[in-house]
Amino acid sequence: MKVVDVVARCLHDAGVETFFGVVGSGNFTFTTSLHALGARFVAARHENGAICMADAHARVSGQLGCVSVHQGPGFTNAITGLTEAAKARTPLILVAADTPAGETRSNFFVEQARIAEAVGAVPVRVNRARSAYADTTKAIRTALGRRAVVLNLPLDVIGEAAEWPQEPFVVGVPAAPAPAPRALDEVVAAIEGAERPVIVAGRGAVLSDAREPLERLGATIGAPLATSAMGHGIFNGHPFAVGISGGFASPLAQEVIGASDLILAFGARLTRWTTANGALIAPDATVVQVDVDDSGFGDRADVTVLGDARHTAAMLGALLEQRGVAGDGRLDDDLRETIAARRWRDEPYDDASSDRHIDPRTLSIALDDLLPEERTVVVDSGHFMGFPAMYLAVPDPAGFVFTQSFQSIGLGLANAVGAALARPDRLTVAALGDGGAMMGLAELETAARLRLPILFVIYDDAAYGAEVHHFRPMGHPVETVQFPDADFAAIARGAGCEGVIVRTVDHLAPVEDWLQRRPDRPLLVDAKVDPDVVAEWLEEAFRAA
Ligand SMILES: Cc1ncc(C[n+]2csc(CCOP(=O)(O)OP(=O)(O)O)c2C)c(N)n1
């Protein structure tokens, strides 16, 4: 065995069945070795595409993400996606070839470890053949603790002979901290003193599989259920679930959350996005935050509990039962009926659609009606992003890929490829802005080559709409963020996908046709949306910025 084979086998043993990358001379042998073990290799067309695919694949499948890149530029091309993965705490290993120690004159030389560290990833380097196994298992253990890891493989080491150990270690997932009894008592006291509690579940609740104990806790204390955008879908179908909290919150959710005197956040950071810049937290409300990591606690938290959402919710439920705390609280028939009748799509709006442009809300609602419920909705960043988040239902949290931890545009198109590979049983729908789509175009070819039935929907306003709507009201000229109309449908066809331009709801007929054909190639919908429809959530966000 060589070093690359040891690294590859460790990753394969850790469950890597699909990995992504762009192959150059430096990572050729590693890629071949992992592929030869049976892992599927997905050749992306840009390293940032590769890492975005791996990130989404990991989020949707729950498996360790894995990427293979060439040293130097292959590595630096992946940095935006690496930063997103690191900030989102996606368990992921970016295997990067690296220049030999001391070879700083190589054109490919760059300080990969320092760059990795600077964006929040953890660098690990295989310095010697003897340590290849230990280094790789360390990288895997770290990644499984929800970190993005860069495993640097120096060119002078990768081809050396290395041994598979006689007694390989078992790499386990680090356990979450157990909640402190005193902290739990404080939460119970807060619950006893509250009249209008609400539960907000975030990504931490999704990751710890906390749906059931949180729903039970909600029923015990009479609390409606909400989510952060990252937790979207966790309470799907629950009669007292009001949807997303924050800028994307429906008017009803805003009323319910804003009127709460106790906010119980489980695995939700309560960022300015989740709280609509704090506006959804009443000034005198008590805020409880439960998180596995104290970096998740914000300034507004009155009580904090270190622990995972699932166990903490279950322990709280048991404690409350012991003390005889129970009651319907806010959960009455009136609320149940109002929730059923006031989803986002039930809220009235002035439809701005014309023959030339479709209103982005009308487009989103029409798509929601057209597409199968078993879907994965992937959303890029930009002004448009609230529309799919608000109007496209998702079956569960794995059905919603929202890579906003770095707030980068341009990740969504490649995210969709990873999501589609992770859940081939579901239709993947990628909602993109025209600006973000332009940045990710290279992977249209990948999606077509892999014959993936992805529906790419471009909310095309021929502009960086977020910037237009931010600066135009202040009287700034906005030509720098406006572009000539581009024919994305033609671009898509050139890459091997199908493509259609949509200006009215009737123009969506080819989508229906495509769905019925059990497609084996992507369809791109270039939806020419009305550039003057401004999302209320963004206006709010700018007012507070
Ligand atoms: C990589 C990156 N570059 C620039 C920005 C700043 N930015 C935020 S939104 C946006 C415009 C996005 O345009 P588009 O994808 O067309 O979506 P729209 O806002 O028009 O809906 C830009 C440039 C960013 N967030 N990320």
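Couple of notes before you dig in:
- Residue tally, condition within 16 Å of the ligand (Cβ to nearest atom) and either open to solvent by 50 Å² or more (accessible area, probe 1.4 Å) or over 27 Å from the mean Cα position of the chain (by Cα) (or both), over region 478-500: 10
- Any hit, region 357-367, residues being within 14 Å of the ligand (Cβ to nearest atom), among the charged types (D, E, K, R) and surrounded by fewer than 22 Cβ atoms within 10 Å (Cβ to Cβ): yes
- Where helices (runs of 4 or more DSSP H) fall entirely within region 385-472, those with at least 3 residues that are assigned by TED's automatic domain parsing to the domain that holds TRP514 and either away from the ligand (no atom under 13 Å from the Cβ) or on the phi > 0 side of the Ramachandran plot (or both) are at 412-422, 442-449.
- The criterion of at least 3 residues that are under 19 Å from ASP293 (Cα atoms) is met by the following helices (runs of 4 or more DSSP H) wholly inside region 168-240: 181-192, 203-207.
- Scanning region 404-425 turns up one or more residues that are surrounded by fewer than 24 Cβ atoms within 10 Å (Cβ to Cβ) and over 25 Å from ARG147 (Cβ atoms).
- VAL378 more than 16 Å from the ligand (Cβ to nearest atom) and open to solvent by less than 60 Å² (accessible area, probe 1.4 Å): no
- Index of the failed condition, PRO372 passing every other in (1) in contact with a helix residue (DSSP H, G or I) (Cβ under 8 Å, 6 or more places away or on another chain); (2) not in a loop (DSSP other than H, G, I, E, B): (2)
- Test: residue in region 90-102 that is under 26 Å from GLY418 (Cβ atoms) and assigned to a helix (DSSP H, G or I): no
- Taking each residue of region 451-474 that is over 12 Å from PRO360 (Cβ atoms) and among the β-branched types (Val, Ile, Thr) and looking for partners that are modelled with pLDDT of 95 or more and assigned to a strand (DSSP E or B) with beta-carbon atoms closer than 7 Å, six or more apart or interchain, yields ILE454/THR428; ILE454/ALA430; VAL468/GLN482.
- A single entry from THR104, THR90, THR76, THR83 fulfils the requirement of being among the hydroxyl-bearing types (Ser, Thr, Tyr) and more than 23 Å from the chain's Cα centre (by Cα): THR104.
The values are calculated or read from the model by the stated rules, or taken from the named source; none is laboratory data. From a predicted model like this one, the values you see are computed outputs, not experimental measurements. FYI the Cβ positions are ideal-geometry reconstructions off the backbone, even for glycines, and counts take in every protein chain you see. These accessible areas exclude ligands, DNA and RNA; they are computed on the full protein's heavy atoms, side chains included. Shrake-Rupley method; radii C 1.70, N 1.55, O 1.52, S 1.80 Å.
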